[in-house]
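Here the structure comes first, spelled out in structure tokens, and everything after it is commentary.
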Amino acid sequence: MERNRLQRILRAAWPRVVAIGILLGIWQLLVVVGVQSPGGEPLPGPGDAIAEIGYLVHTDVIVPALVQTLERAAIGYLLALVLGTLIGLAVVRVPVLRAGVGSLLAGLQSLPSVVWVPIATLFLAIGGQIENAVYFVVIMGAFPSIAMGLMSSYDNIPPLTFSLARSMGARGPRYYRHFIFSATLPGYVAGMKQAWAFSWRSLMAAELIIGSTASSGLGQILDNGRSLGDLPEMFAALLTILVVGIAVNDLVFAPLERGLLRRRGLVPA
Amino acid sequence: MNVALAPRPSVVTLEADPFVTLNGVTKVFGHGKRAMTALEDMSLEMARGEFVCVLGASGCGKSTLLSLIAGLDKVTSGAIEIADGRPAVMFQEPALLPWLTVRRNVELPMRLHNLDPDQRNQTANRLLSMVGLIDFADHRPHQLSGGMRQRCALARALAQDSELLLMDEPFAALDALTRDSLHDDLNRIWQETGKTIIFVTHNVREAVRLGDRVMLMTPRPGRVAQIWDVDIVRPRELDSFEVSGLAHEITAQLRAGAVIDGAK
Ligand SMILES: Nc1ncnc2c1ncn2[C@@H]1O[C@H](COP(=O)(O)OP(=O)(O)OP(=O)(O)O)[C@@H](O)[C@H]1O
Ligand SMILES: [Mg+2]
């Protein structure tokens, strides 16, 4: 049993290992051919970046920054989840909203979230307090995916499901609970997964640009590295940001979605 | 509401006031040039507890008729009256909810009507045993065969415990043996509960075996072609002399009118 599980994990892991290997290989290749910054500094390799992460952990820089960033991500994401869900529900329940709000959401979704940064900075980053500005950017980046996920999965419910609900006399909260909620769940979770990617992206844009020495996250380490010309630090931050983005997706959202689809027979078991 | 399948007297007499009345029912899909008359001027009265089988070629409007009676679509003209209650529908496709197990699917109508868990569980067990799915209670619909899905849908329709049961080719996907045993079950349930049943089928013998009356529809537009009273004592056998005899007669009528393709 245990061996089987191990084998399964290995089998699931190897494509990822290969992909990461290729990426690191290309990176190392660039180092070997001697890519330099205009200032003449050599490009740090993967080994340098990992060593730098070790150093940043040791000097107690990166862990607090990571915690700070994850906290922002979690709060911003949850707010986006609430807002996106409310808007999605409103659009589903009130047909008049459908056409207008639907295309607006699609438009918002295609907007790079970095465009919200100047507005957020101007209106919300008051007196060195950047948190509200950061949340705003994250919410604007992530909520459209949630609302769109809910809306499009509602639109994709087979008409027969509605007929069935009506023929059973399902109404009110029970109708939503037993039919609508369950039927839209896969699309909702797909929206949640996409929203994570968007909120992580938005958060980095916000941290990088809004910046603040008072409470710094991963984005600020990256920006710090840039302004001090500390290339290893920059790449250490970049690597950490990439790994966290992938890890949250692979450990939280992907299994959630896969389990859901498998139970409904929508992917092979 | 009633406990599911509580015994009721199996009186099949035509009462003075009918349970289901179709009065000049016409259904047109689309508008203008695209308009298509699916049903035209259909009238029928059904007594409480009656079992009517509907025969007709593919596309002649049988499913349309059922969805109008179920109140899932509106008539273009004419009227449909049901004395009381909401019909339970067994759709042509199983329409199982993929996120629920077989048991949960069957329990769904009882959940919607707030039956207590004990009763729900008991009824589900009984219905699942009846349709031979008790060992698959914890499977999900995608793990079932086509015929098993139909049987699950049958159990669910029965769990709804409506007085009026609308069935759209419920046994089309089943092998002869399973079909035969479900005929027995349906016949028994109908006799025990006094449900009123409208049963759509392509199979003439099936119609004769089950129905008090057999209604034949003409295609494009769908109309009532002819209605036969089936005065054969129950329980009937699919290959009995009487059933075969009437089935022959109906089939001959079909051929004459060429209203059904490849009649059995
Ligand atoms: N929603 C709809 N819009 C337009 N036309 C429809 C619609 N539903 C059914 N029809 C048409 O009405 C006619 C009757 O369809 P219906 O599904 O009732 O046939 P049926 O007798 O149940 O056939 P089958 O035995 O193949 O199930 C068909 O010609 C079909 O194209
Ligand atoms: Mg049909």
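Of all residues in the stretch B:143-196, how many are part of a helix (DSSP H, G or I), away from ligand 1 (no atom under 16 Å from the Cβ) and farther than 14 Å from B:L210 by Cα? Spell out the reasoning first.
Within the stretch B:143-196, the first condition is being part of a helix (DSSP H, G or I), and the residues that meet it are B:143, B:146-159, B:176-193.
Next, from what is left, pick out any that are away from ligand 1 (no atom under 16 Å from the Cβ): B:143, B:147-149, B:151-152, B:154-159, B:176-193.
Still in the running and farther than 14 Å from B:L210 by Cα: B:143, B:147-149, B:151-152, B:154-159, B:176-178, B:192-193.
Counting residues in the stretch B:143-196 that are part of a helix (DSSP H, G or I), away from ligand 1 (no atom under 16 Å from the Cβ) and farther than 14 Å from B:L210 by Cα gives 17.
Taking the stretch B:129-147 on its own, how many of its residues are modelled with pLDDT under 90 and either surrounded by 20 or more Cβ atoms within 10 Å (Cβ to Cβ) or of a type in the set (D, E, K, R) (or both)?
2
Of the residues B:L39, B:L22, B:L68, which single one is on the phi < 0 side of the Ramachandran plot and in a helix (DSSP H, G or I)? Break it down stepwise before answering.
Details: B:L39 fails: in a helix (DSSP H, G or I); B:L22 fails: in a helix (DSSP H, G or I).
Every option except B:L68 fails the conditions.
Could you check the stretch A:128-156 and list, in sequence order, the residues that are buried (at least 17 other Cβ atoms within 10 Å of the Cβ) and over 25 Å from A:S113 (Cα atoms)?
The one that is buried (at least 17 other Cβ atoms within 10 Å of the Cβ) and over 25 Å from A:S113 (Cα atoms): A:Y154.
Among the residues of the stretch B:197-235, count how many are open to solvent by 10 Å² or more (accessible area, probe 1.4 Å), more than 16 Å from ligand 2 (Cβ to nearest atom), farther than 15 Å from B:M46 by Cβ and outside any strand (DSSP E or B).
Number satisfying all stated conditions: 7.
Are any of the residues in the stretch B:157-174 away from ligand 2 (no atom under 16 Å from the Cβ), open to solvent by 10 Å² or more (accessible area, probe 1.4 Å), over 24 Å from B:A83 (Cβ atoms) and modelled with pLDDT under 90?
Yes, the conditions are met somewhere in the stretch B:157-174.
Within the set of pairs 6 or more residues apart or between chains, which connect a residue that is over 17 Å from A:N249 (Cα atoms) inside the stretch A:1-23 to a residue that is at pLDDT 85 or above and open to solvent by less than 80 Å² (accessible area, probe 1.4 Å) with Cβ atoms less than 9 Å apart?
A:L23/A:P46
Which of (1) open to solvent by less than 40 Å² (accessible area, probe 1.4 Å); (2) in contact with a Pro (Cβ under 6 Å, 6 or more places away or on another chain) does B:E192 not meet, given it meets every other one?
(1)
Among the candidates A:S153, A:S182, A:S163, single out the residue that is touching a Pro at 6+ places or on another chain (Cβ under 7 Å), within 14 Å of chain B (Cβ to nearest Cβ) and of a type in the set (S, T, Y).
Working: A:S182 fails: touching a Pro at 6+ places or on another chain (Cβ under 7 Å); A:S163 fails: touching a Pro at 6+ places or on another chain (Cβ under 7 Å).
So the residue among A:S153, A:S182, A:S163 that is touching a Pro at 6+ places or on another chain (Cβ under 7 Å), within 14 Å of chain B (Cβ to nearest Cβ) and of a type in the set (S, T, Y) is A:S153.
Going by what's in this entry, would B:A57 be described as at pLDDT below 90, within 10 Å of ligand 1 (Cβ to nearest atom), surrounded by 14 or more Cβ atoms within 10 Å (Cβ to Cβ) and not basic (K, R)? Give the steps one after another, and end with the answer.
Working: at pLDDT below 90: yes; within 10 Å of ligand 1 (Cβ to nearest atom): yes; surrounded by 14 or more Cβ atoms within 10 Å (Cβ to Cβ): yes; not basic (K, R): yes.
The answer is yes for B:A57.
Out of B:A137, B:A153, B:A124, report the one residue that is at the interface with chain A (Cβ under 10 Å from one of its Cβ atoms) and small (G, A, S). Let's see the steps before the verdict.
Working: B:A137 fails: at the interface with chain A (Cβ under 10 Å from one of its Cβ atoms); B:A124 fails: at the interface with chain A (Cβ under 10 Å from one of its Cβ atoms).
When all the criteria are applied, what remains is B:A153.
Taking only the stretch B:85-114 into account, find how many residues are outside any loop (DSSP other than H, G, I, E, B) and either within 16 Å of ligand 1 (Cβ to nearest atom) or open to solvent by 30 Å² or more (accessible area, probe 1.4 Å) (or both).
Residues in the stretch B:85-114 being outside any loop (DSSP other than H, G, I, E, B) and either within 16 Å of ligand 1 (Cβ to nearest atom) or open to solvent by 30 Å² or more (accessible area, probe 1.4 Å) (or both): 5 in total.
I'm checking my understanding of the structure. Among residues of the stretch B:175-207 that are over 19 Å from B:A88 (Cβ atoms) and among the charged types (D, E, K, R), which one is nearest to the chain's Cα centre (by Cα)?
Just the residues of the stretch B:175-207 that are over 19 Å from B:A88 (Cβ atoms), to begin with: B:175-181, B:184, B:202-207.
After this cut, where a residue has to be among the charged types (D, E, K, R) as well, the list is B:175, B:179-180, B:184, B:205-206.
Working: B:D175: 18, B:R179: 14, B:D180: 16, B:D184: 15, B:R205: 15, B:E206: 12 Å.
The extreme case among them is B:E206.
Checking the structure you have, find out if any residue of the stretch A:53-66 is surrounded by 11 or more Cβ atoms within 10 Å (Cβ to Cβ), more than 23 Å from the chain's Cα centre (by Cα) and small (G, A, S).
Yes, the stretch A:53-66 has at least one match.
Select from the stretch B:37-88 the residues that are under 13 Å from the mean Cα position of the chain (by Cα), hydrophobic (A, V, I, L, M, F, W, C) and within 14 Å of another protein chain (Cβ to nearest Cβ) and write down the one among them that is nearest to ligand 2 (Cβ to nearest atom).
Out of the qualifying residues, it is B:L66.
Yes or no, residue by residue, for (1) farther than 18 Å from A:A190 by Cβ; (2) not in a helix (DSSP H, G or I):
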{"residue": "A:D60", "(1), (2)": "yes, yes"}
{"residue": "A:V63", "(1), (2)": "yes, no"}
{"residue": "A:G76", "(1), (2)": "yes, no"}
{"residue": "A:G84", "(1), (2)": "no, no"}
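The values are calculated or read from the model by the stated rules, or taken from the named source; none is laboratory data. Everything numeric here is computed off the predicted structure, so don't read it as measured data. Glycine gets a Cβ as well: all are built from the backbone with ideal geometry, and neighbour counts include every protein chain shown. We work out accessible area using only protein heavy atoms, side chains counted, and drop any ligands, DNA or RNA first. Shrake-Rupley method; radii C 1.70, N 1.55, O 1.52, S 1.80 Å.
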